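Notes follow once the structure below has been shown.
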Amino acid sequence: MAPSVEAAPSTAPHVPAAGAWGTAAPGEPRAPVIAIQGVTLRYPTSRGLLTACEDIDIALRQHERLVLLGPSGCGKSSLLAAVAGFLRPAAGRILVDGAPVRRPGPDRMMVFQEFDQLLPWKTVRANVAYPLLLAGVARDQATARADALLAKVGLAGFADAYPHTLSGGMKMRAAIARALAAAPRVLLMDEPFAALDALTRRRMQEELLLLWREQPFSLIFVTHSIEEATLVGSRVLVLSAHPGRVRMAVDVPPDADPTVHALLHERLRTLLLPGVGHATEEKLLHA
Ligand SMILES: Nc1ncnc2c1ncn2[C@@H]1O[C@H](COP(=O)(O)OP(=O)(O)OP(=O)(O)O)[C@@H](O)[C@H]1O
């Protein structure tokens with residue numbers, strides 16, 4: 001459970017210990033890393049307030065890979081934006097390690113679908129080192145860490161290249177390296193692989209899991225793809241259609257074989273069918 005006393009905002013630069021991606025320091029609360037409590041998100045529009053999602057409760061545990069899956073417009077991206085600090089909840093609150101989110105911070109790094117999320121006038125190495133320099137890390141340390149990250153994502157030979165010379169998959173690898181360089185408490189990924197061709201997408205999913213296995217981090221990952229959800233996630237939250245509410249959580253066993261994945265896909269597909277109500281969910285829960 002989240003602490004009831006609100007701690008100071010967690011926006012201070014979080015300078016990572018080498019190799020520590022999103023791990024809690026000794027004495028830090030172990031769980032949840034992110035607590036989304038009774039959150040409703042609304043946008044002002046010309047026709048009044050539009051509710052993107054409603055009364056959302058999510059607790060992200062340390063090193064969990066949480067996938068948000070739901071129909072278009074159910075508020076998945078809005079939820080990520082709120083966790084990142086770009087959008088203030090109309091109701092409820094979002095805590096990082098018990099401290100309320102008030103603004104964006106390096107403890108919550110975001111990776112988007114767009115290929116052009118790197119700074120085009122900086123080399124790949126400078127892009128990856130940039131958040132560390134912003135956090136006050138010395139240049140030589142930041143460069144060393146950037147190089148280590150680039151090696152991990154297979155871009156060691158492209159550190160001096162400029163983003164426009166990279167393929168879509170390479171740009172995505174660089175964006176992931178940049179996000180992980182700052183050792184965020186949570187990595188937020190908004191359909192990161194949706195614009196890639198099928199083969200590259202599959203490779204990127206595997207590579208993300210390899211990175212996680214090598215050095216676990218806490219992840220919230222948004223996708224439309226059921227297959228991607230069970231491959232990437234350790235837990236899949238299914239949201240209902242607009243305005244989104246959490247419909248069900250499905251755990252993915254770490255050692256799930258193709259048969260288990262196929263069963264999970266079937267269950268998730270049923271849950272995502274329009275018009276599936278709570279009675280059906282109850283049946284599915286007890287199936
Ligand atoms: N800046 C905005 N102003 C007004 N309405 C918005 C804004 N951003 C999103 N919305 C609306 O909020 C709702 C949720 O949008 P959001 O993008 O969060 O959903 P989503 O589940 O991520 O959708 P998709 O899967 O299609 O990306 C939608 O009805 C959308 O039109």
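Across the stretch 231-266, the qualifying residues are those that are part of a helix (DSSP H, G or I) and crowded, with 20+ Cβ neighbours inside 10 Å, and the one among them that is nearest to the ligand (Cβ to nearest atom) is V232. Number of residues in the stretch 167-224 that are closer than 22 Å to P32 by Cα and of a type in the set (K, R) equals 2. Selection of the stretch 116-139 for residues being under 24 Å from K171 (Cβ atoms), part of a loop (DSSP other than H, G, I, E, B) and over 17 Å from the mean Cα position of the chain (by Cα) yields D116, L118, L119, P120, W121, K122, T123, A135, V137. From the list P163, P131, the lone residue that is surrounded by 21 or more Cβ atoms within 10 Å (Cβ to Cβ) and under 30 Å from L60 (Cα atoms) is P131.
Within the stretch 37-65, the set of residues being assigned to a strand (DSSP E or B), within 25 Å of V232 (Cα to Cα) and more than 14 Å from the ligand (Cβ to nearest atom) comprises Q37, D57, I58, A59, L60, R65.
For the residues L237, L211, the requirement of being within 30 Å of R139 (Cβ to Cβ), in the same structural domain as S77 (by the TED database) and out of contact with any His (no Cβ under 8 Å at 6 or more places or on another chain) singles out L211. On the basis of being out of contact with any His (no Cβ under 7 Å at 6 or more places or on another chain), more than 25 Å from Q62 (Cα to Cα) and not β-branched (V, I, T), does F115 make the cut? It is true that F115 is out of contact with any His (no Cβ under 7 Å at 6 or more places or on another chain), more than 25 Å from Q62 (Cα to Cα) and not β-branched (V, I, T). Restricting attention to the stretch 208-230, the residues that are more than 13 Å from the ligand (Cβ to nearest atom), within 17 Å of A256 (Cβ to Cβ) and of a type in the set (S, T, Y) add up to 1. Checking the stretch 67-89 against the condition returns no match, with no residue being part of a loop (DSSP other than H, G, I, E, B), away from the ligand (no atom under 16 Å from the Cβ), modelled with pLDDT under 95 and buried (at least 18 other Cβ atoms within 10 Å of the Cβ). Criterion first (crowded, with 19+ Cβ neighbours inside 10 Å and more than 21 Å from P192 (Cβ to Cβ)) does A142 satisfy it? So A142 fits the description; yes.
Does L272 qualify as being of a type outside the set (D, E, K, R) and at pLDDT 90 or above? No.
The values are calculated or read from the model by the stated rules, or taken from the named source; none is laboratory data. Everything quoted here is computed from the prediction, not taken from an experiment. Neighbour counts run over all protein chains shown; Cβ positions are idealised from the backbone, glycine included.
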